[in-house]
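Undergrad: Mind looking over this structure? Questions follow.
The values are calculated or read from the model by the stated rules, or taken from the named source; none is laboratory data. Computed from a predicted model, the values in this text were never measured in an experiment. Reconstructed Cβ throughout: ideal geometry from the backbone, glycine too, with neighbour counts over all protein chains shown. Areas reflect the complete protein model, heavy atoms only, side chains present, ligands, DNA and RNA absent. Shrake-Rupley method; radii C 1.70, N 1.55, O 1.52, S 1.80 Å.
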Amino acid sequence: MPDNPESACAHARIQACGASSAFNKKLRMIVALSESDAGRLHRSGAVIPIVRSEILNLMDPTPANRETIDATHLDPLLRFSPSVAEQYEDEHGRRREADLRRNALVGICIFNIYNVTGSFLMPDITALAIAVRLLFFTPVALLLVWSIGRVGAVWRERLMLTGMTGAIVPPVMLFWLTQSPLGAYSVAEILLAVLFGNIVLTLRFTHAIIMTAISFVVGLLAIITKVGLEDGLRLALLLQLATACGCSLYANHQTEARRCRDYLVGLRVRMLRDMAEQARQRFQDLSQTDALTGLPNRRALDLCLDAWLSNGGSVAMLMIDIDHFKRFNDSLGHPEGDICLRRVAETLAASTFAREDCLCARYGGEEFAVVLKEAGRAEAARLADDLVRAVAALGLRHPGRRDMYRIVTASIGVASTEPAGAGFREDPKAALVTMADRALYMAKQGGRNRAVVYDPPPVVSLAG
């Protein structure tokens with residue numbers, strides 16, 4: 001519930017509308033229970049059992065949030081849950097695309113610089129090396145870069161995995177084919193490709209594992225089967241390949257773990273903050289809701305009146321009282337009395353549902369109130385007559401009455417801020433409530449089951 005009175009008034013009216021559309025809405029309560037409490041609340045002479053889980057549900061109005069918080073955990077491969085992954089992509093997807101595109105272009109440039117070093121290390125296959133890099137790999141890599149922003153997140157990462165796996169093939173092939181004395185040093189291209197994929201591009205950890213494993217196996221086979229390598233050099237190259245793959249994969253894991261955990265920490269903080277705000281609003285809503293009827297309570301009514309009267313426009317008030325309600329309770333008991341109050345509340349809310357700038361609230365006990373914004377006495381009187389007839393139409397049996405009516409009826413007092421008098425200038429809310437209450441008293445004195453408009457002399461409008 002917003003703290004602003006005008007917003008609070010509008011929210012209270014929404015609550016009233018909700019009450020009219022959910023006639024069997026269960027009793028809502030806010031209860032402070034200690035651990036030693038027996039889990040029971042005494043209200044109106046009745047003992048109402050309270051289930052602790054329902055109290056917790058009030059504290060967290062959206063249980064789905066708890067499930068989402070449970071989902072904010074990483075699996076061993078540093079993967080988000082599907083829902084969190086989708087949210088992460090919404091927040092960071094565009095930045096990831098831009099980073100991949102920029103780093104991939106840098107990688108393509110570096111990859112082609114090896115055409116220069118290759119002419120010194122592998123002079124016997126220089127033409128082949130240039131053709132493979134410039135005429136085959138570069139166009140394919142540029143196509144992958146172009147496709148990054150045109151596919152979803154899953155395929156974007158798969159394209160990067162494909163590109164980096166493909167980037168391993170040319171240097172491995174050229175290393176294996178060259179017979180140049182310095183050709184063994186071209187293994188650095190393989191190591192650089194692995195480092196670039198794991199650290200610069202920062203492939204997702206699962207993809208980094210795949211790329212690193214493929215690079216290691218392919219490089220291993222090339223080194224083992226290459227002709228002309230001395231055993232010592234072969235062992236050294238194998239050790240360099242293994243350490244480069246292992247260290248770069250470890251660095252990728254550390255970077256990815258930090259990225260994921262930092263995001264999850266921030267996400268949990270935001271979710272807990274949102275849940276706390278929702279819980280605060282929920283408790284605030286309940287503090288302005290009558291637990292028995294589901295209508296806005298006296299506090300919500302006061303906020304609404306303060307907001308509307310402060311605007312200076314006309315406001316009308318209907319003070320409604322169930323006739324001889326004490327006798328109803330004495331005859332049928334308090335449980336039946338509660339049912340009667342709920343039925344009347346539902347009827348009043350349903351009858352005022354279609355009206356804009358109208359709030360129906362429980363005033364206290366068997367009294368209700370309806371306030372209308374920008375409404376004159378004539379409009380308020382017509383609504384009062386409708387409400388009197390609507391309550392009588394319920395046909396609720398009232399055996400305790402000693403008058404001509406044997407059903408539950410209501411008396412209504414109507415007052416309006418127009419024409420304004422001296423009382424309205426001093427304390428408009430108190431003056432309006434006082435006049436409505438006087439009109440209600442006149443309706444009771446006049447025989448009940450009727451509405452009276454406060455206007456000296458009062459004009460009596462019979463409902464029947």
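Undergrad: If I stretch the segment between residue 269 and residue 75 completely, what's the gain in nm (0.36 nm per residue apart, minus their alpha carbon distance), one decimal?
TA: Full extension of this stretch gives 67.8 nm more.
Undergrad: From largest accessible area down, sort 216, 205, 368; use a 1.4 Å probe on the protein chains.
TA: 216, 205, 368
Undergrad: Residue 169: accessible area at probe 1.4 Å, nearest 10 Å²?
TA: Roll a 1.4 Å probe over it and residue 169 shows about 90 Å².
Undergrad: Name the residues of segment 435-450 whose amide N is less than 17 Å from a point 7 angstrom out from the Cα of residue 386 along the C-beta direction?
TA: none
Undergrad: How large are Rg and Dmax for segment 70-136 when only the alpha carbon atoms are used, in Å?
TA: 20.0, 60
Undergrad: Please name which of 396, 370, 381 has its Cα lying farthest along the dipole of segment 356-420 towards the positive end, using unit charges on Cβ (Lys, Arg +1; Asp, Glu -1) and the Cα centre as origin.
TA: Comparing the listed Cα positions along the dipole, 396 ranks first.
Undergrad: Could you derive backbone 3J(HN,Hα) for segment 272-280 from the dihedral phi with the Karplus parameters 6.51, -1.76 and 1.60 (θ = phi - 60°), listing whole Hz in sequence and x where the residue is Gly or Pro?
TA: Each residue's phi maps through the Karplus curve to give 5, 5, 5, 5, 5, 5, 5, 5, 4 Hz.
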